[in-house]
Each structure stands twice: as C-alpha cells, then as structure tokens.
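Engineer: Right, I'll just put the structure down here and ask away after.
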Amino acid sequence: MQWVILQAREGVDDHQISIVLREAFGSPGEAQLVEKLQLCDCFIPELSLVAVRNNQIVGYLLLTTIRINPNQGDSVQSLALAPMAVLPAYQQKGIGSALVNAALIKAIALGYRSIIVLGHANYYSRFGFRPASQWKIRSPFPAPDEAFMAIELADGSLKKVAGIVEYSAPFFELE
C-alpha cells in the first residue's frame, strides 16, 4: 500500500480531514476540536499532517503548542499530539506509525523539545513515549498514568520540568 505524508493545506483538506476524524472516532468531537484548534494561537500549520493515498486523505495527525506549568518557576513550552486518526479501512497498515514518525521528525526540525500525548500506552510506547509521571508531569484531565505520556525530542529536555500540562481552551470543550 502506497501513501505519502504531507502538510495539510488549510481550507483545502478540511472536509476530508473531518471525514477521517468522524469515521475513526465514531463521533464529531475530534473534528470539532480540530476546527477550533486551527483558529487558536496554539496551531502550527507545519505540524498538521495528512496521509494521502490516491488523492484521498486516509489519516491525520495534529501537534499544537501547550505549556507545562511548574509549581514554581517559568512554564515550559511543549506540544500536544491530538488527535491522530486513520480511516477504519486503512488501519493496521502502518499509516498511523508513519504519521507519528513524520510528526516527531518535523517537530525536531522546528526546534520543539517534547511532546505530550493521552493515548494507548502500548501504541505510543513504541515511539519512545513514556508515562509523563516519570518527569512529575501531570494531566489536567482524569487520565490513567500509563495513558498520559511524554517524549523528549532533545535529550534531557524534560529533566527539570515538572507540573501540570496546560492545554488550549478547545481541549476543554471536547464533547
């Protein structure tokens, strides 16, 4: 199966991205989240990625900026990986892995130092994500420890970071 990972084109791919998100998650919540995030200061167009096969978008991944607020001292910028979706007919074919790997490479190239994800531990651990609690980083949402994960994109970038993740407002509006 051949596909290519590209940066989403604002306005051009939105409808297809919405279809992917609705079909993958079975509800409109994540599609609405992406629409709101695209209007937010946290949105980075270069980190809105699509997997395309035969001119059809079959997968999507978004990284947006977040902050980790320590108990004392300055907050630290990071990225949130959310959402990531692949059309059901194309799942289990490596498209999600290709999206995650492309996102990690692109985030490093843009100078970002870490990423936070709330997701399946067995899936994201293969990319190097580990429970964020190892760095004393906590979720603002109720989340199982093993599902709230982080990855250092630069060695030691989370070593002295501890605190609660501050997501942008659209994450708190997710239905």
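Derivation of every value follows stated rules applied to the coordinates shown; laboratory data play no part. Every value quoted in this text rests on a predicted model; they were computed, and no experiment measured them. Methodologically, a virtual Cβ is constructed for each residue, glycine included, from the backbone with ideal geometry; neighbour enumeration extends over all protein chains shown.
Engineer: Write down, largest first, the equivalent ellipsoid semi-axes of segment 3-80 in whole Å, where each equals the square root of 5 times an eigenvalue of the alpha-carbon gyration tensor.
Structural biologist: 27, 14, 11
Engineer: Pairs of alpha-carbon atoms within less than 8 angstrom and 6+ residues apart define the contacts here; what relative contact order does the chain have, in percent?
Structural biologist: 23 percent
Engineer: If you place +1 on the Cβ of every Lys and Arg, -1 on the Cβ of every Asp and Glu, and leave all else neutral, what size is the dipole of segment 55-143 about its Cα centre, to the nearest 20 Debye?
Structural biologist: That gives a dipole near 140 debye.
Engineer: Could you list Asp145, Asp41, Asp14 so that the one with the fewest beta carbons within 10 Å of its beta carbon is first and the one with the most is last?
Structural biologist: Starting with the residue having the fewest Cβ neighbours, the order is Asp41, Asp145, Asp14.
Engineer: Still on this structure, please answer the following. Using only the alpha-carbon atoms, how far is helix 95-109 inclined from the longest principal axis of the chain? Give it as 0 to 90 degrees, nearest 10.
Structural biologist: So the inclination is approximately 50 degrees.
Engineer: Helix 14-25 sits at what angle to the longest principal axis of the chain, using alpha carbons and giving 0 to 90 degrees rounded to 10?
Structural biologist: 70 degrees
Engineer: Per 5 Å bin, what percent of the C-alpha pairs of segment 93-175 does each bin hold, from zero upward?
Structural biologist: It works out to 3, 14, 24, 23, 23, 12, 2, 0, in whole percents.
Engineer: Report which label in (i) 47, 34, 34; (ii) 49, 30, 29; (iii) 96, 37, 26 holds the value of Cα extents along the principal axes in Å derived from the coordinates of this structure.
Structural biologist: It is the one labelled (ii).
Engineer: Next question, about the same structure. May I ask you to list the residues of segment 21-35 whose amide nitrogen lies under 14 Å from a point 7 Å from Cα along the Cα→beta-carbon direction of Ala89?
Structural biologist: Output list for this probe position: 23-24.
Engineer: Which FRET efficiency, nearest 0.05, do Ala147 and Asn71 yield, Cβ-Cβ r, R0 30 Å?
Structural biologist: Given R0 = 30 Å and the Cβ-Cβ separation, E is 0.85.
Engineer: Given labels modelled 7 Å from the Cα in the Cβ direction, how far is it in nm from Val4 to Glu46?
Structural biologist: Computed distance between label sites Val4 and Glu46 equals 2.0 nm.
Engineer: Okay, moving on. Could you check what % of the DSSP bridge pairs in the chain are antiparallel, to the nearest 5?
Structural biologist: For the chain, the DSSP antiparallel bridge percentage is about 85.
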